[in-house]
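The values are calculated or read from the model by the stated rules, or taken from the named source; none is laboratory data. Keep in mind that this is a model prediction, so the values were computed, not measured. For neighbour counting, all protein chains shown are included, and Cβ atoms are generated from backbone atoms with ideal geometry for every residue, glycine included. When the accessible area is computed, the model is the full protein with side chains, heavy atoms only, and any ligands, DNA or RNA have been set aside. Shrake-Rupley method; radii C 1.70, N 1.55, O 1.52, S 1.80 Å.
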Amino acid sequence: MSLENFNNDVKGQAQLPNDSVPDLGERRATGTSVEPATVEAASSFWRLLWDSRNYTWQVPVALACVILGIMVGLQYRTQASSVPLQVDDRRKMLELVRALEAERNKMSAEITDLRSRVADMEASSNKLGAAGRQIQEQLNRSRVEAGLTGMKGPGIVVTLNDSPRTPPINTDPYFYIIHDVDLTALVNELWSAGAEAVSINEQRVVTRTSIRCVGPTVLVNGVRIAAPYTVKGIGPNDLETALRMPGGFLDSMAALIGNGGQVTISRQTEVTIAPFEGSIAFRYSRSFDKDKE
């Protein structure tokens, strides 16, 4: 089949409607040999040409779909490449927390040993007579004020727990869990009402205690704790009254309680609070007498 004859046939087909494009395979009957691939390519090309003349809107739509597909692919690749970085950062942070906790445990063991040695020295000081006993009393009072001794007495036990419910879509989950600010507000309320000793999940609260959120847990004295939280306070009967007063701590937890969270207050005749086990050493500051300076 010559190139000129093929072009003439193709021009004739361009003027036919879509359903009247002839089958080039019929030329086999005339004795003219046409390859099947050539027949298929020619038929497809001119059908597409005829469709594009009648449906010109398909071209911009097709281009828009291609561009949209490219943009979606790029966004997916960007998100996929950022996930390992986030996971890696969390892994590094977890390793750092574990290393700090191991160091804290080591220091706590050293502190326990040093306190045992101090107790032995205090016991030997009793042999010094009246002066030794006076020194011993001062040391004991200082240890109590610093929270280095266990305490017993009447008080209250407050239990706080997160809500077991799943927050609905487009709802702030803040009022479904206990936060560090809630524990801080509770401790401050107890101090204001006259509490003499306070602890959170057996962590004694002293002047250098920090309470802060780290992910889904709370750090108290550098120790990770999680809900449910048990807050103990030793003090007068006014402790419970202060928490239940209008506008007090219990009212501030109304949203959490309404969402299924738990806040219970129990008055007890004897509450036991463990001593502070952290370090109270001062490395950057020193005491002074303002009357002499």
Quiz item: Among A146, A193, which is in contact (Cβ under 8 Å) with a residue 12 or more places away in the chain, of a type in the set (A, V, I, L, M) and touching an Asp or Glu at 6+ places or on another chain (Cβ under 6 Å)?
Solution: A193
Quiz item: For the range 237-259, which residues satisfy the criterion of being open to solvent by 30 Å² or more (accessible area, probe 1.4 Å), out of contact with any strand residue (DSSP E or B) (no Cβ under 9 Å at 6 or more places or on another chain) and assigned to a loop (DSSP other than H, G, I, E, B)?
Solution: M245, P246, G247, N259
Quiz item: Just for strands (runs of 3 or more DSSP E) wholly inside the range 193-233: which have at least 3 residues that are within 17 Å of I265 (Cβ to Cβ)?
Solution: 197-200
Quiz item: T149: at pLDDT 85 or above, assigned to a loop (DSSP other than H, G, I, E, B) and closer than 30 Å to T269 by Cβ, yes or no?
Solution: yes
Quiz prompt | All positions within the range 131-143 that are open to solvent by less than 70 Å² (accessible area, probe 1.4 Å) and modelled with pLDDT under 75 | solution = A131, G132
Quiz item: Inside the range 167-184, can you point out the residues that are in contact with a Pro (Cβ under 9 Å, 6 or more places away or on another chain), surrounded by fewer than 16 Cβ atoms within 10 Å (Cβ to Cβ) and assigned to a loop (DSSP other than H, G, I, E, B)?
Solution: P167
Quiz item: Taking the stated definitions as given, is T230 open to solvent by 50 Å² or more (accessible area, probe 1.4 Å) and either farther than 26 Å from A146 by Cβ or of a type outside the set (G, A, S) (or both)?
Solution: no
Exercise. Report, by residue number, each residue of the range 189-200 that is in contact with a helix residue (DSSP H, G or I) (Cβ under 8 Å, 6 or more places away or on another chain) and open to solvent by less than 10 Å² (accessible area, probe 1.4 Å).
Key: L190, V198, I200
Quiz item: Given the structure, is T264 open to solvent by 50 Å² or more (accessible area, probe 1.4 Å), β-branched (V, I, T) and assigned to a helix (DSSP H, G or I)?
Solution: no
Exercise. Write out, first by first residue and then by second, each pair whose Cβ atoms fall under 8 Å of each other, whose residues are 6+ apart or on separate chains, and whose first residue, in the range 201-227, is buried (at least 19 other Cβ atoms within 10 Å of the Cβ) while the second is part of a loop (DSSP other than H, G, I, E, B) and of a type in the set (D, E).
Key: R204/E277; N221/E277
Self-check item: Test: residue in the range 225-232 that is at negative phi, out of contact with any strand residue (DSSP E or B) (no Cβ under 8 Å at 6 or more places or on another chain) and not polar (S, T, N, Q)
Solution: no
